[in-house]
Amino acid sequence: MACEIFICLHALVPSLPVFFKGFALVGLGSFAFHATLLYEAQLADELPMIYVASYSAFILYNTETGFGG
């Protein structure tokens with residue numbers, strides 16, 4: 001059932017898989033930062049959060065169908 005919902009959502013909003021991969025990247029960066037507490041790992045934690053939040057706002061306010069079609 002979860003796959004059917006994802007396929008239906010992907011048909012409606014084709015950019016969702018990119019969002020989900022970015023969300024996973026935030027989790028990996030956060031894990032790296034909290035495991036090591038290094039400055040580089042902090043950047044790996046913060047930068048994907050900024051990118052994913054920006055992309056989420058783009059997805060939310062985008063009114064075009066598909067990829068500009």
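What follows draws every value from the coordinates through simple rules; no lab data is involved. Just so you know, these numbers come straight off a predicted model, no measurement behind them. Because the Cβ atoms are built from the backbone with ideal geometry, glycine has one as well, and the counts that use them run over all protein chains shown.
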- Task: Only residues of region 16-33 count here: report those whose backbone N is under 13 Å from the spot 7 Å along Cα→Cβ of GLU40, or say none.
- Result: 33
- Quotient of Cα Rg and 2.2 N^0.38 Å for region 13-54, N being how many residues it contains: 1.21
